[in-house]
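Novice: Please see the structure below; I have some questions.
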Amino acid sequence: MSPAFVATRLATLAVTVVIAGLAIHGALFLAPGDPATLLVGGARKPDPEVLAQIHREYHLDDPFLQSWWHWFGNCLHGDFGKSLVYRDSVGHLVAARAGDTFALVGYAAVLVLVTGTLAGTLAGLRGGRTESFVTAVTAGAMAIPTFIMSVLLIWVFAVQLPWFPVYGSGSGFVGTLTHLTLPAVALAVSWVGYVAQVTRTSVRTELRSEHVETARSRGVPESVVVRRHVLRNASGPIFAVSGVGVAGLIATTAVAEQAFGIGGLGALMIEAAGKQDLAVVQAVALLFVVVFVVVNTVVDLVSAALDPRTAQKGRA
C-alpha cells in the first residue's frame, strides 16, 4: 500500500465531508418556515424586532456561503452552535445522546460481523443443503426492512414472550445489554444476510481457485488449506463488505431508536427536524456523515493492506 494511495483516500475523505456539509446546510437553508418563530412561542404575529434580533444572533439572514462557512468553520473548532429549541449548546446535546447510539451500533456491528461471517463461512465450506438453507435464510433477511423487523421482534419477544424490555436503553452493563438486544437485532438482520452472502461467495470462489487445488494435490492437510489458503484470501472481500455493513448501521440507527424509544442521536435528529432546530439537525447529520466516511476510509485502507491488488485496481 503506497503513500499515494493513503493520501488519495484521506483527500477523498476531506472532500466528501466538505461536500456533505454544503449539502446538509443547503437543504436546511432552503427549508420552508422560520425557525426564529420557535423562540417566541410560535406566535401568529411575533414582534418583528424580536425576530430580527434572533436572525442576527443565529445568522439566519446571512448569504448561503457566508452562513455555511460560519457554521462549518465553527464545527471544525468544536463549536456546533446553540439549539433553538433546547436552549443548550448543540455539543452538549450530542455528547449526552451519543453514548446510546454508539452502544447500539456497536452491539449490532458485533452481531453482523460474528453471525454473518460464521454463517457465510459455514455455507461456503459445507455446500449442499447447508449452503441452500443459509442462502435462503439470509436472502430473506436482506429483504426485511428495519422498521418491520422492529415490529416483529416487539410483538414476539415483548408481547407474546415478555423476555426483553422494549423502551429505553437501560442502565448498567446488564441493563443496557438487555434493553439494546432487540433493537440491535432489528438493526443488524438485513446486514447479517448481506455479509453472509458475500462471505459464502468469497469462500466458494477461493475453494475453486488454482492455488487451493495445488495445495491439496501436494497433500497439505485440509484444515491448513482452509485456514491459510481459503479464509486468508477471502478475508479481503469479507472485511470490505463488513465495513460497509457497519457504516450502513449508522445510516439506519434512527429507525431502531424511534421504534424502541432509545434517546440516541437518530431520535434527537428526528425530534429536532420536526421542530426546525437547524443547528441540531446539521450537527447530527454531519456527525453521521463523518463517521460513515471515516469507517469506509478505514475499510479501504485495511482492505488494501490485506489484498494489495485492491490498491493496484484503485490506481488503475
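Novice: Can you say whether residue 166 is in a helix (DSSP H, G or I), open to solvent by 10 Å² or more (accessible area, probe 1.4 Å) and under 30 Å from residue 270 (Cβ atoms), as far as the supplied structure shows?
Specialist: When the stated conditions are applied, residue 166 does not pass them.
Novice: Of the conditions (1) without any contact (Cβ under 8 Å) to a residue 40 or more places away in the chain; (2) open to solvent by less than 20 Å² (accessible area, probe 1.4 Å); (3) among the aliphatic types (A, V, I, L, M); (4) within 30 Å of residue 166 (Cα to Cα), residue 247 fails just one. Which one is it?
Specialist: Condition (1) is where residue 247 drops out.
Novice: List every residue pair whose Cβ atoms sit under 7 Å apart, with the two residues 6 or more apart in sequence or on different chains, where the first one lies in the stretch 121-150 and is free of Cβ contacts under 8 Å to residues at least 24 places away in the same chain and closer than 22 Å to residue 237 by Cα and the second, anywhere, is open to solvent by 70 Å² or more (accessible area, probe 1.4 Å) and in a helix (DSSP H, G or I).
Specialist: These pairs meet every condition: 130/122.
Novice: Continuing with the same structure: Out of all the residues in the stretch 169-200, which are free of Cβ contacts under 8 Å to residues at least 60 places away in the same chain, among the polar types (S, T, N, Q), assigned to a helix (DSSP H, G or I) and farther than 28 Å from residue 234 by Cβ?
Specialist: 178
Novice: Give me a count of the residues in the stretch 194-234 that are loosely packed, with under 14 Cβ neighbours inside 10 Å and either at pLDDT 85 or above or among the polar types (S, T, N, Q) (or both).
Specialist: Count: 3.
Novice: Another question, then. Determine, yes or no, whether residue 157 is over 21 Å from the mean Cα position of the chain (by Cα), aromatic (Phe, Trp, Tyr) and assigned to a helix (DSSP H, G or I).
Specialist: Here the answer is yes, as residue 157 does meet what is asked.
Novice: Would you mind stating whether residue 104 is at pLDDT 90 or above and either in contact with a Cys (Cβ under 6 Å, 6 or more places away or on another chain) or open to solvent by less than 30 Å² (accessible area, probe 1.4 Å) (or both)?
Specialist: Against the criterion (at pLDDT 90 or above and either in contact with a Cys (Cβ under 6 Å, 6 or more places away or on another chain) or open to solvent by less than 30 Å² (accessible area, probe 1.4 Å) (or both)), residue 104 qualifies.
Novice: Hey, can you tell me all the residues within the stretch 247-302 that are farther than 13 Å from residue 94 by Cα and outside any helix (DSSP H, G or I)?
Specialist: 261, 262, 275, 276, 277
Novice: Anything in the stretch 255-294 that is open to solvent by 50 Å² or more (accessible area, probe 1.4 Å) and without any contact (Cβ under 8 Å) to a residue 60 or more places away in the chain? List them, or say none.
Specialist: Across the stretch 255-294, the qualifying residues are 258, 270, 271, 273, 274, 292.
Novice: Additional query: When you check residue 241 against the structure, is it assigned to a helix (DSSP H, G or I), in contact with a helix residue (DSSP H, G or I) (Cβ under 7 Å, 6 or more places away or on another chain), surrounded by fewer than 21 Cβ atoms within 10 Å (Cβ to Cβ) and modelled with pLDDT of 80 or more, yes or no?
Specialist: So residue 241 fails the test.
Novice: Can you pull out the residues in the stretch 61-82 that are open to solvent by less than 50 Å² (accessible area, probe 1.4 Å) and assigned to a loop (DSSP other than H, G, I, E, B)?
Specialist: 62, 81
The values are calculated or read from the model by the stated rules, or taken from the named source; none is laboratory data. Bear in mind the structure is a predicted one, so any value in this text is a computation, not a measurement. Note that we place each Cβ from the backbone using ideal geometry, even for glycine, and neighbour counts take in every protein chain shown. Just the protein is used for accessible areas: all its heavy atoms, side chains included, with ligands, DNA and RNA removed. Shrake-Rupley method; radii C 1.70, N 1.55, O 1.52, S 1.80 Å.
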